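To keep things clear, I will list the structure first and then write my remarks on it.
Values in this text are rule-based calculations from the coordinates and carry no lab data. Just so it is clear, the structure is predicted and the values come from calculations on it, not from any experiment. Virtual Cβ from ideal backbone geometry, glycine too; neighbours counted across all protein chains shown.
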Amino acid sequence: MRIVVCVKEVLDPDAVNNYAVAGRLEIGDDGKTLTQTAIPRLMNGFDEQAIEAALRLRDAGADFTLAVVSAGESPEKLLKHAAALGADEVVAIQVDPGSLDYHLVAALISAQIEASGGADVVLCGRQASDDDQGVVPALIAERLDMSLVTIAKAVELEGTTLRITRVTPDGDERVETACPAVVTITNELGDPRYPTAAAKVKARRVKPTTVTPDDLKLDADDLAPRVSVTRQFVPEVQGNCEMLQGDSPAALADALIEKLRADSII
Amino acid sequence: MSQNAVIVCTWGEDQDGLPVGAEEVLHIGRGLAADLGTDLAWLVLGALPSAAPETAGRYGVANLLQVEDAKLESPQPDALVAALAAVAGERSPRALLFHQTQASRAVAPRVAGRLGDAVVMNGVSADLSGECIVVTASAYGGDTRVVYEVSGRCPVIAFIANAVVPEPGDGAAVAAEALSVDLTGVEERVKIVEPARFEGPRLDDAEIIVSGGRGLGSSDNYKLIEQLAAALGGLPGASRPLVDDGWVDSSQQVGLTGRITRPNLYVAIGISGASQHMAGCSAAKTLVAINRDAEAAIFQYAKYGIVGDALELLPELIRAAGAR
């Protein structure tokens with residue numbers, strides 16, 4: 001059995017948020033890229049949890065080869081992290097991130113999966129914390145004609161059947177599907193593990209397999225971008241909060257409840 | 001129906017006789033169709049929502065189309081994707097528009113994949129630039145907006161619930177036209193073994209929500225949030241850290257990756273105002289923020305604010321809310 005996890009490098013969303021909250025988030029001269037160099041780049045958190053989901057399958061006794069694949073400029077750092085966690089293969093699809101749209105990412109990853117022995121399970125984060133789009137897993141499922149299960153917080157494997165707990169607005173839902181399948185993982189899966197120090201040292205020597213779009217023989221239609229970013233901006237927030245005053249918690253509480261009653265909100 | 005229409009796609013029905021978010025997306029679709037000089041159509045998959053014909057009239061829908069099929073009775077993804085792709089193949093729409101829900105988040109991109117067309121999620125608005133549809137979408141949990149130019153025949157676009165305030169016009173009700181699609185070959189590949197058991201009212205529909213965040217200090221204090229919510233006749237919610245730390249169930253998480261709410265009153269207590277969270281509550285009519293940190297971002301969104309200790313204020317608020 002072969003399990004492929006797709007990972008993406010993103011700007012640390014918490015750092016981005018801290019800049020945003022402080023009103024200091026800046027867009028670069030191209031009008032579309034966040035250029036603050038102080039913001040660290042790291043593996044998308046949901047993707048890290050997708051690797052964790054695979055490792056938990058291994059903990060439960062499933063026998064499979066784990067491949068971790070990423071597309072971008074230089075995904076070596078996160079792929080080394082994946083290797084330290086226990087990935088058997090790490091694959092870098094080398095491509096200019098500026099030229100990437102979601103269809104192309106899905107086409108590259110799907111072609112790589114097909115060219116390298118296929119996959120029984122493809123695990124992805126539910127969305128990337130930079131663009132929040134979350135469409136690549138569905139596009140991969142369509143390309144590879146696999147079933148799709150989204151927003152999973154627990155994944156079990158029994159033979160070639162996946163038993164999955166999904167988080168839905170109405171509570172948890174238990175589903176089953178046959179492999180091959182694409183499964184997207186949500187934060188409710190829980191914290192991903194850290195690699196051991198020894199595994200990290202060993203992973204330093206790991207060289208990712210590098211492939212280019214040419215190697216994957218995509219046709220012109222696959223390579224044609226359908227979506228392009230023309231601009232990015234920071235939305236304005238209104239900011240006209242009436243700060244309530246009072247000498248004590250009781251007085252503040254009374255002031256608020258009075259306001260809400262006067263406005264007929266409660 | 002003319003070719004090249006902008007088609008709003010829905011399934012299901014809420015208590016108001018409409019699918020959640022239908023009016024918002026019809027509102028956006030009406031504007032986009034007008035910009036493109038084409039018709040607006042509304043495609044209903046499965047049972048026709050009771051208020052659909054009147055609502056279609058109020059948003060200038062030229063054609064209300066309905067695909068009825070036993071496989072769309074309680075619509076599952078494979079049947080929905082197949083039906084949408086079939087209709088798109090037959091009618092050559094100019095765009096397919098969706099209201100973004102967890103279900104449409106899985107269906108819309110698959111339709112785009114099957115058609116080989118562009119897809120954008122988290123849309124807040126759609127405009128025209130020359131011949132090109134341009135979609136503004138939320139990114140970084142709401143910290144930024146990204147403007148996407150979408151090319152190709154039939155982009156698939158999903159819009160977030162609180163992106164617009166719909167403005168219905170007047171217009172006569174539109175009768176539904178039946179469309180037939182062959183779904184005989186479609187089998188759902190994912191089987192629901194144990195359905196989500198929805199108990200009690202949902203945050204998505206709540207009029208009053210009191211949410212707590214890390215500022216509560218410890219999980220024991222969350223009961224004060226529940227008590228205040230009860231005293232105000234509302235429901236308790238939470239920010240994502242509380243769910244990640246296991247203090248509360250994920251069904252109570254408000255935010256981009258949780259519930260998207262639009263209550264009359266949202267009280268955020270000990271919540272900093274990270275955009276991830278705001279994506280789930282910024283559509284509240286009145287937002288109240290209580291935070292120890294006077295500089296917390298949450299105050300930028302609030303109508304009323306109190307700088308203070310949540311644990312000192314909560315018992316007093318529970319008392320004041322209960323007193324008449």
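List of remarks:
- For region B:16-31 versus region B:251-322, the gap between their alpha-carbon centres in whole angstrom: 28
- Estimated vicinal HN-Hα couplings, Hz - region A:236-242 in sequence order (Karplus 6.51, -1.76, 1.60; Gly, Pro = x): 8, 10, 4, x, 9, 7, 8
- Check: region B:203-322 dipole with +1 on Lys, Arg Cβ and -1 on Asp, Glu Cβ, in debye: 280
- In this label model, A:ALA62 and B:GLU187 are separated by 2.2 nm, measuring between points 7 Å along each Cα→Cβ vector.
- Counting Cβ atoms of other protein chains within 10 Å of each residue's Cβ and taking the mean over peptide B:110-123 gives 6.
- Computed over region B:1-119, relative contact order equals 33 percent, with contacts defined as Cα pairs under 8 Å that lie 6+ residues apart.
- Within the straight-line cut-off of under 16 Å between alpha carbons, the aspartates and glutamates reachable from A:LYS259 are A:GLU242, B:GLU316, sequence neighbours fewer than 8 places apart in one chain being disregarded.
- Rounded to the nearest 20 debye, the dipole magnitude of chain A is 860 debye, with +1 charges on Lys and Arg beta carbons, -1 on Asp and Glu beta carbons, and the Cα centre as origin.
- Mean Cβ neighbour count within 10 Å, used as a protection proxy, ranking B:106-113, B:130-137 highest first: B:106-113, B:130-137
- Number of partner chain Cβ atoms within 10 Å, mean per residue of A:95-107: 2
- Signed unit charges on C-beta, dipole axis of region B:6-179, positive-most listed residue B:VAL174, B:VAL61, B:PRO77: B:PRO77
- The mean number of Cβ atoms from other chains found within 10 Å of a Cβ in peptide A:134-147 is 5, as a whole number.
- Percent antiparallel among DSSP beta bridges (both partners in the protein assembly as shown, rounded to 5): 35
- Note on chain A: helix-only mean residue ellipticity at 222 nm, from DSSP H runs of 4+ residues weighted -39500 (n - 2.57) and normalised by residue number, equals -9000 deg cm²/dmol.
- Simple spin-label estimate for B:GLN15 and A:THR37 gives 5.6 nm between the two label positions (7 Å along the Cα-to-Cβ direction from each Cα).
- Rounded to 5, the percent of DSSP beta bridges in chain A classed as antiparallel: 40
- Residue-averaged 222 nm ellipticity for chain B, from DSSP H runs of 4+ at -39500 (n - 2.57), nearest 500: -8000 deg cm²/dmol
- Across chain A, C-alpha contacts under 8 Å between residues 6 or more apart give a mean separation that, scaled by the residue count, equals a relative contact order of 24 percent.
- Projected label points at A:ALA197 and A:ASP88, each 7 Å from Cα along the beta carbon direction, are separated by 3.0 nanometres.
- Region B:203-322, relative contact order in percent, only Cα pairs under 8 angstrom and at least six apart counted: 26
- Region A:210-266-region A:45-75 distance, computed between alpha-carbon centres (Å): 30
- Looking at region B:203-322, the DSSP beta bridges with both ends there are about 0 percent antiparallel.
- Assigned charges on the beta-carbon of Lys, Arg, Asp, Glu; region B:6-53 dipole about Cα centre (debye): 140
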